[in-house]
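First up is the structure itself, then whatever we jot down about it.
Values in this text are rule-based calculations from the coordinates and carry no lab data. Keep in mind the model is a prediction, meaning the values are calculated, not measured. Quick reminder, even Gly has a Cβ in these numbers, built from the backbone with ideal geometry, and neighbours come from all protein chains shown.
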């Protein structure tokens, strides 16, 4: 479905945050043109996170830049900059994630761009915003996780701060800027006016923690304390966590401790009848539970707990997951084809509209692949 049909996005962004927003807009039917520098292009083309490469480029680049076009331009070259400004005059959205001051030096800041195109939606992702002593620091995912307090929420108490194993800050910032772009496009449809949309990665990851930060603000600034055993959430009582079983692992969410003890036959748990103590004594409860659950298989516990509507789940890796009917029925796998004819399997957009998937089989572009086409369409009189 082309929900954003006829919307043209000029995406100057690199790495993950901006391009992930461009990906989502492309999934919705927008025409997304990546503006890339000569020779090397988006640095993400060479950002290797594993030894898996696709056509000599990183798998991340191919995953996050599918269904886009590539236009190469040297923004420091006067002639190339003139061409870019002609494209800007005809675009609906302009997106970048350069550090503060870069676009001003290039002559592509919001006020300059707005003079070229009054109705454009100008969207920018920064690391820490445009003010303060941190504004020029690199907006890198791990570093943002570190300074935001996020790393003190995972792992057990007395263990070192632990980051999430995905680029959560990048993807959240991309989702937030995409939301702002969509809202501004709606406003423009009513008023005809463009807008400046700004998101910092720092604000995105702070918003991600609104639940725990609200607890912190309203608890006398008491820091969250991870449980010593099987920690999964600093503010949730036992049994919340992941437990080793005889053959694998079992995830347990919020549930009644006494009922749980009765179901699994653990008499020691039945003494915790005071619900108000399930948080204060969570380490004590979790220690008893961890020992008891290790005596039987995950399948045994699942069969008992699911029958009683206790919130639980097996802990699966990717190999196990993709063989499950619950995964397969979603049709999350997406096969895209590069211009060189190579088929790549990735994941589809998670959004459905009227029961329809938002998909395209078009893979990531070759660097500068669409220069000739774009210049004929927009720049040659």
Legend entry - Helix-derived mean residue ellipticity, 222 nm - over the chain, DSSP H n ≥ 4, -39500 (n - 2.57), to 500: -10000 deg cm²/dmol
Inset, instruction - Compute the long axis of helix 168-191 from its Cα atoms, compare it with the longest principal axis of the Cα atoms of the chain, and write down the angle in degrees, 0 to 90, nearest 10. - result: 50 degrees
Legend entry - residue 297 versus residue 118: modelled label distance in nm, points set 7 Å from Cα along the beta carbon direction: 7.2 nm
Legend entry - Ranked by how many other beta carbons lie within 10 Å on average, peptides 180-186, 122-128, 17-23 from highest: 17-23, 122-128, 180-186
Inset, instruction - Set the Förster distance to 25 Å, then compute FRET efficiency between residue 43 and residue 6 from the Cβ-Cβ distance, nearest 0.05. - result: 0.25
Inset, instruction - Please sort 131-138, 204-211 by packing, taking for each peptide the average over its residues of neighbouring beta carbons within 10 angstrom, highest first. - result: 204-211, 131-138
Inset, instruction - For residue 287 and residue 155, calculate 0.36 nm times their separation in residues minus their Cα-Cα distance, and state this gained length in nm to one decimal. - result: 46.0 nm
Legend entry - Cα-based convex hull volume of the stretch 249-314 per residue, rounded to whole Å³: 77 Å³
Inset, instruction - Return the distance in nm (one decimal) between the two label points of a simple spin-label model at residue 77 and residue 244, each offset 7 Å from Cα along Cα→Cβ. - result: 6.0 nm
Legend entry - Gain upon complete extension [residue 380, residue 274; 0.36 nm per residue less C-alpha separation]: 30.5 nm
Legend entry - Ranked by how many other beta carbons lie within 10 Å on average, peptides 349-360, 63-74, 243-254, 284-295 from highest: 63-74, 284-295, 243-254, 349-360
